[in-house]
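The next block holds one structure in the form of structure tokens; read it before the comments.
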Amino acid sequence: MEIKIFDDLASLNESFTIYLKEILKDRERVTVALSGGSTPKSLFDYWAQHHKNDIDWKSIFLFWGDERCVAPTDEQSNYKMTKDHLLDHVAIPEKNIFRIKGENDPDAEAERYSTLLQMEVEMAAAVPSFDLVILGLGDDGHTASIFPYEINLWENANLCVVGTHPDSGQKRVSLSGKVINQAQRVAFLVTGAAKAEKVKQIIESREEVAAIYPAAKVDPVSRNLVWFLDKEAARLLVGNY
């Protein structure tokens, strides 16, 4: 596990861009599973403003780690957020974009997306193995759309699962834990003081809280796990990171 801490969001975005460019170096196809949320939104805005021409967009193939079961035009859609803040502004080919169709029946869409992943993402140990999975961290310790009260979904045998938001009851299609942990690289992007307590627990006491928080179950077989944190999210960490 590698921990990177930044003074502000701009520095985090810059560092993550360098990280992505290293992955892209001399590669013609890089598969990336995106996350929703405010931190990726800031990253997408940064790319749209500053990196239209120096990131090899034609080599990036975009998927999603989870999606709310809403239409792609709905303000809650992770796809719409990405489209508005990134896809409409950079020259990424349409054929490189593989969205989860949140407007479909959730169970049928989880099955469809599972099949698509097997066709479009390189396989390892009979599981799709993304070059990069980007994750966020919820205040409750959830990641992707696997919530603490449904933590058993992490170990589900399927490639994609259907989670249910504990408050709204909204259905969401999500990668399962085995797909996340089979990735070549996993990166958490976490900002804000509200995340500090969970960041501390998951980084410093991962084994103790893995039965409680899905985010603590992120443990890629590749051993390539990087946390990109701003100083507010990292403020409770002890030690030199």
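The values are calculated or read from the model by the stated rules, or taken from the named source; none is laboratory data. These numbers were taken from a predicted model, which means no experiment stands behind them. Because the Cβ atoms are built from the backbone with ideal geometry, glycine has one as well, and the counts that use them run over all protein chains shown. Ligands, DNA and RNA are excluded from the accessible area calculation, which covers all protein heavy atoms including side chains. Shrake-Rupley method; radii C 1.70, N 1.55, O 1.52, S 1.80 Å.
Before moving on, here are some points about what is shown:
- Chain lengthening between LYS200 and GLN118 when straightened (0.36 nm per residue, less Cα-Cα): 26.0 nm
- Among (1) 50, 41, 35; (2) 53, 41, 30; (3) 45, 39, 36, the entry that matches Cα extents along the principal axes in Å as calculated here: (3)
- Computed magnitude of the charge dipole of the chain (debye, nearest 20; Cβ of K, R +1, Cβ of D, E -1): 340
- Accessible carbon and sulfur surface of region 166-206 relative to its total accessible area, %, 1.4 Å: 39
- Convex hull volume of the Cα atoms of region 91-165, normalised per residue: 132 Å³.
- Pairs of Cα atoms farther than 13 Å apart, region 83-127, %: 65
- Accessible area of region 1-101 belonging to carbon and sulfur atoms, whole % at 1.4 Å probe: 46
- Charging the Cβ of each Asp and Glu at -1 and of each Lys and Arg at +1, and nothing else, the dipole of region 1-101 about its Cα centre rounds to 400 debye.
- Of all lysines in the structure, the ones whose alpha carbon falls short of 29 Å from that of LYS95, not counting any fewer than 8 places away in one chain, are LYS21, LYS25, LYS41, LYS52, LYS58, LYS80, LYS83, LYS171, LYS178.
- Surface/4 estimate of mean projected area, convex hull on alpha-carbon atoms of region 165-241, nm²: 6.0
- Label positions at ALA125 and ASP74, each projected 7 Å from the Cα along the C-beta direction, are separated by 3.4 nm.
- Two-site FRET efficiency, VAL238 against ALA48, from Cβ-Cβ distance with R₀ of 30 Å, rounded to 0.05: 0.25
- Charging the Cβ of each Asp and Glu at -1 and of each Lys and Arg at +1, and nothing else, the dipole of region 125-196 about its Cα centre rounds to 160 debye.
- For the chain, the relative contact order is 23 percent, taking Cα pairs closer than 8 Å that sit 6 or more residues apart in sequence and dividing their mean separation by the residue count.
- Efficiency of FRET from Cβ geometry, GLU208 and LYS95, R₀ 45 Å, rounded to 0.05: 0.50
- The helix-based estimate of mean residue ellipticity at 222 nm for the chain, built from -39,500 (n - 2.57) per DSSP H run of four or more residues and divided by its residue count, is -8000 deg cm²/dmol to the nearest 500.
- Taking the DSSP bridge list for the chain and keeping only pairs wholly inside it, about 35 percent are antiparallel.
- Protein heavy-atom accessible surface, 1.4 Å probe, per residue over region 1-88: 47 Å².
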